1. Give the range 132-177 a look and list any residue that's more than 19 Å from ALA222 (Cβ to Cβ) and aromatic (Phe, Trp, Tyr), or say none.
2. Looking at this structure, is LEU67 farther than 29 Å from TRP248 by Cβ and assigned to a helix (DSSP H, G or I)?
3. Looking only at the range 71-107, filter to residues that are farther than 21 Å from GLY134 by Cα and among the hydroxyl-bearing types (Ser, Thr, Tyr); which one of those is most open to solvent (accessible area, probe 1.4 Å)?
4. If I ask for residues that are open to solvent by 20 Å² or more (accessible area, probe 1.4 Å) and within 20 Å of the chain's Cα centre (by Cα), which ones from the range 44-70 would you list?
5. Taking the criterion of being in a helix (DSSP H, G or I), closer than 27 Å to GLU18 by Cβ and among the basic types (Lys, Arg), would at least one residue in the range 243-254 satisfy it?
6. If we keep just the residues of the range 1-21 that are touching a helix residue (DSSP H, G or I) at 6+ places or on another chain (Cβ under 8 Å) and open to solvent by 50 Å² or more (accessible area, probe 1.4 Å), which is modelled with the lowest pLDDT?
7. Determine, yes or no, whether ALA163 is without any contact (Cβ under 8 Å) to a residue 60 or more places away in the chain and surrounded by 19 or more Cβ atoms within 10 Å (Cβ to Cβ).
8. Keeping to the range 178-221, report how many residues are crowded, with 16+ Cβ neighbours inside 10 Å and in a loop (DSSP other than H, G, I, E, B).
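The values are calculated or read from the model by the stated rules, or taken from the named source; none is laboratory data. Because the structure is a prediction, the values reported are computed rather than measured. Cβ coordinates were reconstructed from backbone atoms using ideal geometry, including for glycine residues, and neighbour counts include every protein chain displayed. Accessible surface areas use protein heavy atoms only, side chains included; no ligands, DNA or RNA. Shrake-Rupley method; radii C 1.70, N 1.55, O 1.52, S 1.80 Å.
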Amino acid sequence: MTDGAEGTGPAMRSAVRETYGPGDLGGQPIFGGGFINFGYWRAVDLDRPLGEAERIRSQEDLYRHVLGAAGPRPGAKVLEVGCGLGMGCAVMLREYGSAAVTGMDIHPQQLSRARAAHAELLRGEPERLRLVQGAAERMPFEDGEFDVVISVEAAQHFPDLGAFAAQTARVLRPGGRAAVASFFTVDDAPDRPGHLARLLETFDSGLDIARPVTALTDAFTAAGLTHVSATSIGPHVWPAWDRWLARWWTPDTWPRNFLRAYQEGILDYYVVTADRPR
């Protein structure tokens, strides 16, 4: 495996390389159905025991929520930045009538897994789905190629949000829309990164980068996008995610500190939207 996508962006950081390569995060039991996200649990009955079906529903519903914010029309050309195993791409094609979906990921091993998972669709309808290697900071696409750009729980890994925002603005057509779901610090207090590194191994290792949500909203604005908005969906993410983690992790172990960081007002989960002016 290489350090990055050749000619398509910066070197892949070592924590990302390992976690999504040999580590195969998607193979862990806390994730199900090939998705790798914390889930949007609003429609899940949390008074009942949580099983794999509910877990998969939560992950699919996060995509549905993001796509609802993005508002793709039938026939839209959609790009997912950080597509992982491509399961969200499949949801888009199945439920939203997109003319074509492009999944892009920096990690070649993730793309290999995605191509294996969707081999039948890639073979039978190659005009509807394509999977491309590339970095968020340097996308290998033409100007104005897409109606919608989404990213689901990947932006916490992007080393340069300014470059990601500029590329998003470039590849969106006039009138297009971006929607990004990820977790950020609630403000730019200087102690936030250190605090999160002490609480959560993913921040300590460098897999996740501690930045305020305004780092992304300001980057979108600087890139010329308009109607930039950030909405917290933390109440529908963190408590249920913690309940799901409780199947494997005891209280006060690091994965369950995501809920603690949210309750202490340090970290939250957001959907950020922005439009490219016509």
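1. If the condition is that a residue be more than 19 Å from ALA222 (Cβ to Cβ) and aromatic (Phe, Trp, Tyr), then PHE141, PHE146 are the ones that fit.
2. Working: farther than 29 Å from TRP248 by Cβ: yes; assigned to a helix (DSSP H, G or I): yes.
It is true that LEU67 is farther than 29 Å from TRP248 by Cβ and assigned to a helix (DSSP H, G or I).
3. It comes out as TYR96.
4. Scanning the range 44-70 gives GLU54, ILE56, ARG57, GLU60, ARG64, HIS65, GLY68, ALA69.
5. Of the range 243-254, the ones in a helix (DSSP H, G or I) are 243-245, 254.
Those still in the list that are closer than 27 Å to GLU18 by Cβ too: 244-245, 254.
Next cut, among the basic types (Lys, Arg) only: none.
Scanning the range 243-254 turns up no residue that is in a helix (DSSP H, G or I), closer than 27 Å to GLU18 by Cβ and among the basic types (Lys, Arg).
6. MET1
7. Values: without any contact (Cβ under 8 Å) to a residue 60 or more places away in the chain: yes; surrounded by 19 or more Cβ atoms within 10 Å (Cβ to Cβ): yes.
Answer is yes for this residue.
8. Residues flagged as crowded, with 16+ Cβ neighbours inside 10 Å and in a loop (DSSP other than H, G, I, E, B) within the range 178-221 amount to 7.
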